[in-house]
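Participant: Dropping a structure here in C-alpha coordinates format, bear with me for questions.
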Amino acid sequence: MTTNTLDIPGYKAGTWVLDPAHSEVGFSVRHMMISKVRGSFGVKSATLTAPENPLEATLTAQVDATSLDTKDAGRDEHLRSADFFDVATYPTIDFTSTGVRVENGDMFVDGDLTIRDVTKPVTFEVDFGGFGSDPWGNYKAGATAKAVINREDFGLTWNAALETGGVLVGKDVTIELDLQGAHQG
(Lines give C-alpha, C1' and ligand atoms only; values in the text may rest on other atoms or scores of the structure.)
Protein backbone atom coordinates (compact mmCIF):
# COMPACT_ATOMS: atom_id res chain seq x y z
CA MET A 1 0.00 0.00 0.00
CA THR A 2 1.36 3.40 -1.04
CA THR A 3 0.71 6.45 1.17
CA ASN A 4 -0.06 9.89 -0.37
CA THR A 5 0.69 11.95 2.74
CA LEU A 6 3.04 11.45 5.65
CA ASP A 7 2.92 12.79 9.21
CA ILE A 8 6.38 12.88 10.82
CA PRO A 9 6.48 14.32 14.36
CA GLY A 10 9.05 17.14 14.50
CA TYR A 11 9.10 17.64 10.72
CA LYS A 12 9.78 21.20 9.51
CA ALA A 13 9.16 22.37 5.98
CA GLY A 14 11.94 24.41 4.39
CA THR A 15 15.46 23.82 3.18
CA TRP A 16 17.75 21.25 4.80
CA VAL A 17 21.48 21.25 4.07
CA LEU A 18 23.75 18.26 4.62
CA ASP A 19 26.22 18.36 7.49
CA PRO A 20 29.30 16.73 5.88
CA ALA A 21 31.07 16.29 9.23
CA HIS A 22 28.27 13.94 10.33
CA SER A 23 27.50 12.23 7.02
CA GLU A 24 29.12 9.49 4.95
CA VAL A 25 28.59 7.66 1.67
CA GLY A 26 29.81 4.09 1.99
CA PHE A 27 29.87 1.18 -0.41
CA SER A 28 30.73 -2.50 -0.47
CA VAL A 29 31.38 -4.94 -3.30
CA ARG A 30 32.37 -8.60 -3.51
CA HIS A 31 36.11 -9.25 -3.93
CA MET A 32 37.29 -12.55 -5.45
CA MET A 33 33.74 -13.88 -4.87
CA ILE A 34 34.69 -14.68 -1.25
CA SER A 35 34.74 -11.42 0.74
CA LYS A 36 33.69 -7.77 0.58
CA VAL A 37 35.73 -4.63 0.08
CA ARG A 38 34.31 -1.53 1.74
CA GLY A 39 35.01 2.08 0.99
CA SER A 40 33.66 5.58 1.30
CA PHE A 41 33.35 8.91 -0.49
CA GLY A 42 33.15 12.44 0.84
CA VAL A 43 29.92 14.32 0.22
CA LYS A 44 30.37 17.66 -1.55
CA SER A 45 26.84 18.90 -1.06
CA ALA A 46 23.24 17.83 -0.52
CA THR A 47 20.11 19.93 -0.25
CA LEU A 48 16.64 18.72 0.66
CA THR A 49 13.77 21.02 -0.25
CA ALA A 50 10.93 20.04 2.06
CA PRO A 51 7.39 21.31 1.46
CA GLU A 52 4.55 20.82 3.99
CA ASN A 53 4.00 17.24 2.74
CA PRO A 54 7.28 15.29 3.18
CA LEU A 55 6.33 13.02 0.28
CA GLU A 56 6.75 16.01 -2.04
CA ALA A 57 10.34 16.68 -0.90
CA THR A 58 13.17 16.86 -3.42
CA LEU A 59 16.82 16.06 -2.88
CA THR A 60 19.94 16.87 -4.86
CA ALA A 61 23.32 15.53 -3.78
CA GLN A 62 26.86 15.53 -5.12
CA VAL A 63 29.61 13.15 -4.01
CA ASP A 64 33.33 13.87 -4.47
CA ALA A 65 34.53 10.85 -6.52
CA THR A 66 38.15 11.93 -6.03
CA SER A 67 37.79 11.34 -2.27
CA LEU A 68 37.32 7.57 -2.72
CA ASP A 69 38.93 5.66 0.17
CA THR A 70 39.13 1.87 0.61
CA LYS A 71 42.12 2.00 3.00
CA ASP A 72 44.46 0.71 0.27
CA ALA A 73 46.30 3.42 -1.71
CA GLY A 74 47.04 1.19 -4.71
CA ARG A 75 43.44 0.01 -5.02
CA ASP A 76 42.16 3.56 -4.54
CA GLU A 77 44.38 4.82 -7.36
CA HIS A 78 43.10 2.02 -9.64
CA LEU A 79 39.47 2.83 -8.75
CA ARG A 80 40.08 6.52 -9.54
CA SER A 81 41.58 5.60 -12.94
CA ALA A 82 39.78 5.31 -16.29
CA ASP A 83 39.28 1.57 -15.57
CA PHE A 84 36.64 2.55 -13.02
CA PHE A 85 35.49 6.06 -11.96
CA ASP A 86 37.82 8.10 -14.23
CA VAL A 87 37.82 10.94 -11.69
CA ALA A 88 40.00 13.15 -13.92
CA THR A 89 37.05 13.32 -16.34
CA TYR A 90 34.12 12.69 -13.93
CA PRO A 91 35.07 14.15 -10.52
CA THR A 92 31.56 13.87 -9.04
CA ILE A 93 28.75 11.38 -8.60
CA ASP A 94 25.32 13.02 -8.64
CA PHE A 95 21.87 12.11 -7.36
CA THR A 96 18.55 13.87 -7.96
CA SER A 97 15.40 12.50 -6.38
CA THR A 98 12.30 11.89 -8.47
CA GLY A 99 9.93 10.87 -5.67
CA VAL A 100 9.43 9.87 -2.06
CA ARG A 101 7.00 7.10 -1.12
CA VAL A 102 5.92 4.90 1.75
CA GLU A 103 4.94 1.29 1.13
CA ASN A 104 3.83 -1.02 3.95
CA GLY A 105 5.42 1.31 6.50
CA ASP A 106 8.79 1.50 4.70
CA MET A 107 10.09 4.77 3.17
CA PHE A 108 11.76 4.89 -0.24
CA VAL A 109 13.44 7.67 -2.21
CA ASP A 110 13.52 7.14 -5.97
CA GLY A 111 15.92 9.11 -8.12
CA ASP A 112 18.47 9.40 -10.87
CA LEU A 113 22.06 8.43 -10.06
CA THR A 114 24.80 9.66 -12.40
CA ILE A 115 28.22 7.98 -12.45
CA ARG A 116 30.68 8.60 -15.32
CA ASP A 117 28.03 10.65 -17.14
CA VAL A 118 25.65 7.63 -17.18
CA THR A 119 22.32 8.24 -15.45
CA LYS A 120 20.15 5.38 -14.21
CA PRO A 121 17.15 5.18 -11.87
CA VAL A 122 17.86 3.91 -8.35
CA THR A 123 15.75 3.42 -5.23
CA PHE A 124 17.07 3.95 -1.71
CA GLU A 125 15.29 2.38 1.24
CA VAL A 126 15.35 4.98 4.00
CA ASP A 127 15.44 4.50 7.76
CA PHE A 128 14.55 7.86 9.25
CA GLY A 129 16.39 8.53 12.52
CA GLY A 130 14.46 11.56 13.75
CA PHE A 131 14.99 15.20 14.70
CA GLY A 132 16.86 17.03 17.43
CA SER A 133 18.47 20.32 18.40
CA ASP A 134 22.21 20.43 18.99
CA PRO A 135 23.78 22.48 21.85
CA TRP A 136 24.14 25.51 19.52
CA GLY A 137 20.44 25.64 18.62
CA ASN A 138 20.68 24.04 15.18
CA TYR A 139 17.70 21.85 14.30
CA LYS A 140 18.96 18.59 12.77
CA ALA A 141 17.53 15.47 11.12
CA GLY A 142 19.20 12.13 10.56
CA ALA A 143 18.60 9.14 8.32
CA THR A 144 20.30 6.13 6.81
CA ALA A 145 19.60 4.81 3.34
CA LYS A 146 20.61 1.79 1.31
CA ALA A 147 20.48 0.74 -2.34
CA VAL A 148 22.07 -1.93 -4.52
CA ILE A 149 23.23 -1.08 -8.04
CA ASN A 150 24.89 -3.04 -10.84
CA ARG A 151 28.16 -1.18 -11.41
CA GLU A 152 28.30 -2.31 -15.04
CA ASP A 153 25.10 -0.31 -15.74
CA PHE A 154 27.22 2.81 -15.12
CA GLY A 155 30.17 1.82 -17.33
CA LEU A 156 32.27 0.40 -14.47
CA THR A 157 33.01 -2.83 -16.35
CA TRP A 158 36.69 -3.57 -15.61
CA ASN A 159 37.27 -7.03 -14.17
CA ALA A 160 39.74 -9.91 -14.12
CA ALA A 161 39.04 -13.63 -14.35
CA LEU A 162 40.34 -15.81 -11.52
CA GLU A 163 42.18 -19.09 -12.09
CA THR A 164 39.82 -20.75 -9.61
CA GLY A 165 36.76 -19.49 -11.50
CA GLY A 166 34.75 -16.35 -11.04
CA VAL A 167 35.96 -12.78 -11.24
CA LEU A 168 37.93 -10.36 -9.09
CA VAL A 169 35.18 -7.73 -8.62
CA GLY A 170 31.46 -8.42 -8.17
CA LYS A 171 28.83 -6.59 -10.21
CA ASP A 172 26.50 -5.64 -7.35
CA VAL A 173 27.53 -2.67 -5.23
CA THR A 174 25.71 -1.85 -2.01
CA ILE A 175 25.55 1.88 -1.32
CA GLU A 176 24.95 2.89 2.30
CA LEU A 177 24.31 6.47 3.37
CA ASP A 178 24.56 7.90 6.88
CA LEU A 179 23.18 11.41 6.69
CA GLN A 180 22.58 14.35 9.00
CA GLY A 181 21.18 17.65 7.81
CA ALA A 182 20.50 21.04 9.35
CA HIS A 183 17.29 23.03 8.87
CA GLN A 184 18.02 26.35 7.16
CA GLY A 185 14.50 27.78 7.35
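Participant: Show the residue pairs meeting these rules: Cβ distance below 9 Å; 6+ apart or different chains; first residue within segment 133-160 and on the phi > 0 side of the Ramachandran plot; second residue assigned to a strand (DSSP E or B) and at pLDDT 90 or above.
Facilitator: Pairs found: Gly155/Ile115; Gly155/Val118.
Participant: Here's a follow-up. Being hydrophobic (A, V, I, L, M, F, W, C), touching a strand residue (DSSP E or B) at 6+ places or on another chain (Cβ under 9 Å) and over 18 Å from Asp127 (Cα atoms) narrows it down to one of Leu18, Leu59, Leu79, so name that one. Write out each step before concluding.
Facilitator: Working: Leu18 fails: over 18 Å from Asp127 (Cα atoms); Leu59 fails: over 18 Å from Asp127 (Cα atoms).
Selected residue: Leu79, the only one of Leu18, Leu59, Leu79 that is hydrophobic (A, V, I, L, M, F, W, C), touching a strand residue (DSSP E or B) at 6+ places or on another chain (Cβ under 9 Å) and over 18 Å from Asp127 (Cα atoms).
Participant: Consider segment 80-115. How many of its residues are over 18 Å from Leu177 (Cα atoms), in contact (Cβ under 8 Å) with a residue 40 or more places away in the chain and crowded, with 17+ Cβ neighbours inside 10 Å?
Facilitator: Count: 3.
Yes or no, residue by residue, for (1) at pLDDT below 90; (2) touching a helix residue (DSSP H, G or I) at 6+ places or on another chain (Cβ under 9 Å); (3) part of a strand (DSSP E or B); (4) not aliphatic (A, V, I, L, M):
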site: Thr114; (1), (2), (3), (4): no, yes, yes, yes
site: Thr123; (1), (2), (3), (4): no, no, yes, yes
site: Thr144; (1), (2), (3), (4): no, no, yes, yes
site: Ile149; (1), (2), (3), (4): no, no, yes, no
site: Glu152; (1), (2), (3), (4): no, no, no, yes
site: Trp158; (1), (2), (3), (4): yes, yes, no, yes
site: Glu163; (1), (2), (3), (4): yes, no, no, yes
site: Gly170; (1), (2), (3), (4): yes, yes, yes, yes
site: Ile175; (1), (2), (3), (4): no, no, yes, no
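Participant: Pick from segment 17-46 the residues that are of a type in the set (Val, Ile, Thr) and within 13 Å of the chain's Cα centre (by Cα): which of them is modelled with the highest pLDDT?
Facilitator: Val25
Participant: Could you list, in sequence order, the residues of segment 77-99 that are of a type in the set (A, V, I, L, M, F, W, C) and either assigned to a loop (DSSP other than H, G, I, E, B) or modelled with pLDDT of 95 or more (or both)? Show your work before the answer.
Facilitator: First pass over segment 77-99, keeping only residues of a type in the set (A, V, I, L, M, F, W, C): 79, 82, 84-85, 87-88, 93, 95.
Scanning segment 77-99 gives Ala82, Phe84, Phe85, Val87, Ala88, Ile93, Phe95.
Participant: Run Gly132 past the list (1) more than 17 Å from Gln62 (Cα to Cα); (2) out of contact with any Lys or Arg (no Cβ under 7 Å at 6 or more places or on another chain); (3) assigned to a strand (DSSP E or B) and report the number of the one that doesn't hold.
Facilitator: Single failed check for Gly132: (2).
Participant: Is there any pair linking a residue in segment 44-61 that is under 16 Å from Ala143 (Cβ atoms) to one that is of a type in the set (Lys, Arg) and assigned to a loop (DSSP other than H, G, I, E, B), with Cβ under 8 Å and at least six apart or on different chains, and which?
Facilitator: Short answer, once both residue conditions are applied: Ala50/Lys12.
Participant: Would you check if there is a residue in segment 19-31 being more than 22 Å from Asp153 (Cα to Cα), free of Cβ contacts under 8 Å to residues at least 24 places away in the same chain and either of a type in the set (D, E, K, R) or exposed (fewer than 14 other Cβ atoms within 10 Å of the Cβ) (or both)?
Facilitator: Yes: one or more hits.
Participant: Just one of Leu177, Leu168, Leu156 is within 13 Å of the chain's Cα centre (by Cα) and either of a type in the set (S, T, N, Q) or surrounded by 12 or more Cβ atoms within 10 Å (Cβ to Cβ) (or both); which is it?
Facilitator: Only one candidate passes the filter, namely Leu177.
Yes or no, residue by residue, for (1) surrounded by 12 or more Cβ atoms within 10 Å (Cβ to Cβ); (2) more than 24 Å from Arg80 (Cβ to Cβ); (3) hydroxyl-bearing (Ser, Thr, Tyr); (4) touching an Asp or Glu at 6+ places or on another chain (Cβ under 8 Å):
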residue	(1), (2), (3), (4)
Val118	yes, no, no, yes
Pro121	no, yes, no, yes
Glu125	yes, yes, no, yes
Phe128	yes, yes, no, no
Ala145	yes, yes, no, yes
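The values are calculated or read from the model by the stated rules, or taken from the named source; none is laboratory data. For clarity, every value in this text was computed on a predicted model and none was experimentally measured. FYI the Cβ positions are ideal-geometry reconstructions off the backbone, even for glycines, and counts take in every protein chain you see.
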